[in-house]
Amino acid sequence: MLAVAVPAQAEVTVVDPWVRTTAPGQQVAAGYLRMMADQPMVLVGASSAFADKVELHDVQVDNGVMKMRQVSEMALEPKRVVELKPGGLHLMLTGIKGPVKAGDNIPLTLIFVDKHNRQENLNIILNGRTPAAYGLPVHGH
(Lines give C-alpha, C1' and ligand atoms only; values in the text may rest on other atoms or scores of the structure.)
Protein backbone atom coordinates (compact mmCIF):
# COMPACT_ATOMS: atom_id res chain seq x y z
CA MET A 1 0.00 0.00 0.00
CA LEU A 2 1.29 3.46 -0.91
CA ALA A 3 0.18 6.81 0.45
CA VAL A 4 1.20 10.40 0.04
CA ALA A 5 0.60 13.26 2.43
CA VAL A 6 -0.17 16.58 0.77
CA PRO A 7 -0.70 20.05 2.21
CA ALA A 8 -3.88 20.51 4.24
CA GLN A 9 -3.50 16.91 5.47
CA ALA A 10 -4.93 15.34 2.29
CA GLU A 11 -3.90 11.76 1.56
CA VAL A 12 -4.33 9.45 -1.43
CA THR A 13 -3.89 5.72 -0.93
CA VAL A 14 -3.12 3.41 -3.87
CA VAL A 15 -3.51 -0.36 -3.57
CA ASP A 16 -2.49 -3.18 -5.93
CA PRO A 17 -1.06 -1.20 -8.87
CA TRP A 18 -0.31 -3.50 -11.82
CA VAL A 19 0.24 -3.44 -15.57
CA ARG A 20 -0.77 -6.13 -18.02
CA THR A 21 2.08 -8.04 -19.66
CA THR A 22 2.55 -7.37 -23.37
CA ALA A 23 3.72 -9.20 -26.47
CA PRO A 24 7.04 -8.28 -28.11
CA GLY A 25 6.55 -5.26 -30.38
CA GLN A 26 3.31 -4.19 -28.68
CA GLN A 27 3.29 -0.39 -28.24
CA VAL A 28 0.63 -0.05 -25.53
CA ALA A 29 0.05 -1.45 -22.04
CA ALA A 30 -2.90 -1.11 -19.69
CA GLY A 31 -2.45 -0.25 -16.00
CA TYR A 32 -4.82 -0.89 -13.12
CA LEU A 33 -5.12 -0.03 -9.42
CA ARG A 34 -7.46 0.94 -6.61
CA MET A 35 -7.22 4.37 -4.99
CA MET A 36 -8.95 6.36 -2.29
CA ALA A 37 -8.55 9.90 -0.96
CA ASP A 38 -9.49 11.29 2.43
CA GLN A 39 -10.46 14.64 0.84
CA PRO A 40 -11.90 15.53 -2.58
CA MET A 41 -9.19 15.05 -5.22
CA VAL A 42 -9.16 14.77 -9.00
CA LEU A 43 -6.79 12.53 -10.94
CA VAL A 44 -5.90 14.73 -13.92
CA GLY A 45 -3.06 12.78 -15.49
CA ALA A 46 -0.14 10.43 -15.20
CA SER A 47 3.34 10.01 -16.63
CA SER A 48 6.03 7.36 -16.84
CA ALA A 49 9.60 7.25 -18.13
CA PHE A 50 8.63 3.83 -19.56
CA ALA A 51 6.03 5.33 -21.96
CA ASP A 52 5.78 8.29 -24.30
CA LYS A 53 2.34 9.07 -22.91
CA VAL A 54 -0.04 7.87 -20.19
CA GLU A 55 -3.76 8.53 -20.63
CA LEU A 56 -6.83 7.88 -18.52
CA HIS A 57 -9.29 5.66 -20.41
CA ASP A 58 -12.75 4.18 -19.94
CA VAL A 59 -14.43 1.29 -21.74
CA GLN A 60 -18.09 1.62 -22.72
CA VAL A 61 -20.36 -0.89 -24.48
CA ASP A 62 -22.39 0.70 -27.30
CA ASN A 63 -24.84 -1.62 -29.13
CA GLY A 64 -22.82 -4.64 -28.05
CA VAL A 65 -19.50 -3.12 -29.18
CA MET A 66 -16.81 -2.27 -26.64
CA LYS A 67 -15.37 1.19 -27.23
CA MET A 68 -12.45 2.79 -25.43
CA ARG A 69 -12.39 6.55 -24.91
CA GLN A 70 -9.98 8.93 -23.25
CA VAL A 71 -11.16 10.57 -20.03
CA SER A 72 -9.78 13.97 -19.02
CA GLU A 73 -10.04 13.36 -15.26
CA MET A 74 -11.33 11.05 -12.53
CA ALA A 75 -12.87 12.48 -9.38
CA LEU A 76 -12.08 10.90 -6.02
CA GLU A 77 -14.67 11.45 -3.33
CA PRO A 78 -13.58 11.18 0.29
CA LYS A 79 -13.36 7.60 1.60
CA ARG A 80 -14.70 6.05 -1.66
CA VAL A 81 -12.60 3.57 -3.59
CA VAL A 82 -12.06 4.22 -7.31
CA GLU A 83 -11.04 1.06 -9.12
CA LEU A 84 -9.17 1.07 -12.40
CA LYS A 85 -9.74 -2.43 -13.80
CA PRO A 86 -9.93 -4.41 -17.04
CA GLY A 87 -13.10 -3.59 -18.95
CA GLY A 88 -13.54 -0.24 -17.20
CA LEU A 89 -11.52 2.77 -16.11
CA HIS A 90 -7.78 2.21 -16.62
CA LEU A 91 -4.44 3.80 -17.47
CA MET A 92 -3.20 3.43 -21.06
CA LEU A 93 0.57 3.61 -21.48
CA THR A 94 1.38 4.35 -25.14
CA GLY A 95 4.73 4.27 -26.86
CA ILE A 96 6.13 1.85 -24.27
CA LYS A 97 9.91 1.39 -24.28
CA GLY A 98 9.78 -2.42 -24.44
CA PRO A 99 7.61 -5.41 -23.60
CA VAL A 100 6.16 -5.72 -20.10
CA LYS A 101 6.99 -9.06 -18.51
CA ALA A 102 5.61 -10.67 -15.36
CA GLY A 103 7.52 -9.30 -12.39
CA ASP A 104 8.60 -6.06 -14.09
CA ASN A 105 8.38 -2.86 -12.03
CA ILE A 106 7.18 0.10 -14.11
CA PRO A 107 7.51 3.55 -12.47
CA LEU A 108 4.50 5.83 -12.81
CA THR A 109 3.53 9.23 -11.44
CA LEU A 110 -0.14 9.99 -10.78
CA ILE A 111 -1.03 13.69 -10.96
CA PHE A 112 -3.83 14.98 -8.73
CA VAL A 113 -5.43 18.37 -8.11
CA ASP A 114 -6.99 19.12 -4.73
CA LYS A 115 -10.01 21.31 -3.94
CA HIS A 116 -7.70 24.36 -3.79
CA ASN A 117 -6.42 23.59 -7.31
CA ARG A 118 -2.99 22.59 -5.97
CA GLN A 119 -1.21 19.87 -7.93
CA GLU A 120 0.10 16.86 -6.05
CA ASN A 121 2.11 13.99 -7.54
CA LEU A 122 2.21 10.41 -6.27
CA ASN A 123 5.00 8.10 -7.46
CA ILE A 124 4.01 4.43 -7.62
CA ILE A 125 5.28 1.20 -9.18
CA LEU A 126 3.08 -0.86 -11.51
CA ASN A 127 3.92 -4.56 -11.21
CA GLY A 128 3.92 -6.56 -14.46
CA ARG A 129 1.34 -9.35 -14.26
CA THR A 130 -0.26 -11.75 -16.70
CA PRO A 131 -4.02 -11.50 -17.24
CA ALA A 132 -4.27 -15.15 -16.17
CA ALA A 133 -3.04 -14.11 -12.70
CA TYR A 134 -6.41 -12.36 -12.31
CA GLY A 135 -8.54 -15.00 -14.05
CA LEU A 136 -8.83 -12.75 -17.11
CA PRO A 137 -8.75 -13.74 -20.78
CA VAL A 138 -5.24 -13.68 -22.24
CA HIS A 139 -6.15 -11.78 -25.45
CA GLY A 140 -4.73 -8.29 -26.02
CA HIS A 141 -6.18 -5.06 -24.66
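Points worth noting:
- Estimated distance in nm for a label pair at Gln119 and Asp58, the labels positioned 7 Å out from Cα along Cα-to-Cβ: 2.4 nm
- Computed over protein heavy atoms with a 1.4 Å probe, the accessible surface of the chain works out to 53 Å² per residue.
- Per-q log10 I(q)/I(0), segment 75-118, q = 0.15, 0.16, 0.24, 0.34 Å⁻¹ (Debye; single scatterer per alpha-carbon; no solvent): -0.62, -0.69, -1.13, -1.29
- Cα-derived Rg to Rh of segment 60-140, Kirkwood definition: 0.99
- Of all accessible heavy-atom area on segment 69-135, the percent that carbon and sulfur account for (1.4 Å): 47 percent
- Taking other residues whose beta carbon is less than 15 angstrom from the beta carbon of Thr94, and scoring Lys, Arg as +1 and Asp, Glu as -1, yields +2.
- When the chain is treated as a Gaussian network with alpha carbon springs shorter than 10 Å, the biggest mean-square fluctuation among Gly87, Gly64, Gly25 belongs to Gly64.
- The calculated FRET efficiency for the pair Ala75 and Lys101, based on their C-beta separation and a Förster distance of 35 Å, comes to about 0.55.
- Percent of Cα pairs in the chain per distance bin of 10 Å, from zero to the largest separation: 12, 43, 33, 11, 1.
- Set of lysines with alpha-carbon distance to Lys115 below 30 Å, sequence-local pairs under 8 removed: Lys53, Lys79, Lys85
- Full-stretch length increase - Thr13, Gln26 - with 0.36 nm per residue and alpha-carbon distance subtracted: 1.6 nm
The values are calculated or read from the model by the stated rules, or taken from the named source; none is laboratory data. In this text, all values refer to a predicted model and were calculated from it rather than measured experimentally. So basically every Cβ, Gly included, is an ideal-geometry build from the backbone, and we count neighbours across all protein chains shown. Side chains are part of the model used for accessible areas, which takes the heavy atoms of the whole protein and leaves out ligands, DNA and RNA. Shrake-Rupley method; radii C 1.70, N 1.55, O 1.52, S 1.80 Å.
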